[in-house]
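**Q** One structure, pasted below without further comment.
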Amino acid sequence: MLALGKEFKLYVRTLARLLYPPACAICRIPLLIEENHVCNDCNDCIEAVHPPACVRCTQPLPPYGQNSSLCQSCKSTRPHYTQGFTLVLYQESTRTIFHQIKYGKKPWLLNIFSERLKGFASRLDMNHYDLFVPVPLDPKRERDRGFNQSKLIAQILKRYTKSPIRVESVLMKKKKTNPQSRLRRLERLDNLNNAFAVRNRKRLDGKRVLVVDDVFTTGSTVNECAKELKKAGAERVDFLAIGRA
Ligand SMILES: [Zn+2]
Ligand SMILES: [Zn+2]
């Protein structure tokens with residue numbers, strides 16, 4: 001077979017893109033050549049999580065009259081994680097993207113958040129952490145989907161991190177759970193009780209861990225993960241999620 005030159009391949013790709021432009025993942029209009037996955041207008045609609053927000057669970061706080069950096073919920077029940085970070089509000093546009101990633105099986109759409117993950121990695125001193133640990137999926141669900149989006153997010157983050165942090169899937173899902181958002185509070189606690197286990201306890205002794213998730217909804221999932229990681233000897237557990245519901 002004839003080997004095609006690099007320039008020729010680029011030419012073909014550009015031509016194909018002009019003739020059959022890909023659609024915006026959110027509003028479906030054809031994308032301009034310089035836009036990737038989402039159009040500029042939709043990208044502008046993805047709202048960042050702004051301060052003031054609770055330092056532990058990132059719940060937005062009222063702009064004035066705050067004399068604490070914690071929300072009411074974190075004041076009354078102390079979670080197992082120490083500090084949390086979320087990047088964007090989980091509104092309609094972000095929900096549409098994650099729906100396509102997970103149910104439309106389009107993991108490449110995670111690149112929409114690459115710049116934001118890069119910014120996060122540059123703002124935070126990553127020497128704080130030894131390990132990035134993705135929230136695990138139910139093994140059958142992961143097989144059906146072909147990937148675990150939280151693991152992919154951790155890998156993108158690692159790409160932008162200069163210190164030698166490893167992504168390690170030390171957590172596993174022991175039982176099938178129902179989506180937390182559809183349950184009442186007590187059902188939620190029961191749903192996640194003993195849902196996770198640590199695969200390799202030796203890896204965690206004295207380690208500082210950043211748990212990585214796609215969307216932070218009620219916080220119970222990350223909290224259960226943090227509980228297990230600490231039981232296994234982790235010194236400190238923080239979390240990062242892209243979306244904040
Ligand atoms: Zn759009
Ligand atoms: Zn809080």
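No value in this document is a laboratory result; all are computed from the given coordinates. Keep in mind it's a predicted model, so treat the numbers as computed, not measured. In this analysis, Cβ positions are derived from the backbone assuming ideal geometry, glycine residues included, and neighbour counts consider all displayed protein chains.
**Q** Order by neighbour count: GLU224, GLU92, GLU142, fewest other Cβ atoms within 10 Å first, most last. Spell out each step's value before the answer.
**A** Values: GLU224 21, GLU92 10, GLU142 15.
Ascending Cβ contact count within 10 Å gives the list GLU92, GLU142, GLU224.
**Q** Can you tell me the relative contact order of the range 42-244? Whole percent, Cα pairs under 8 Å, sequence separation 6 or more. Write out the running numbers ahead of the final one.
**A** Values: 344 pairs, mean separation 50.6, N = 203.
Averaging sequence separation for qualifying contacts and normalising by length gives 25 percent for the range 42-244.
**Q** Any idea what Rg and Dmax come out to for the range 42-244 if you just take the C-alpha atoms, in Å?
**A** Considering the range 42-244 through its Cα atoms, Rg and Dmax are 16.2, 48 Å.
**Q** Give the order of PHE147, PHE120 when sorted by the count of other beta carbons within 10 angstrom, beginning with the fewest.
**A** Fewest to most other Cβ atoms nearby, the residues stand as PHE147, PHE120.
**Q** I would also like to ask the following. I'd like the FRET efficiency for ARG185 and ASN111, computed as 1/(1 + (r/R0)^6) with the beta carbon distance as r and R0 of 35 Å, rounded to 0.05. Mind showing how you got there, number by number?
**A** On the way: r = 36 Å, r/R0 = 1.02.
The pair ARG185/ASN111 has a calculated efficiency of 0.50.
**Q** Fewest first, what order do HIS37, HIS128 take by the number of other Cβ atoms within 10 Å?
**A** HIS128, HIS37
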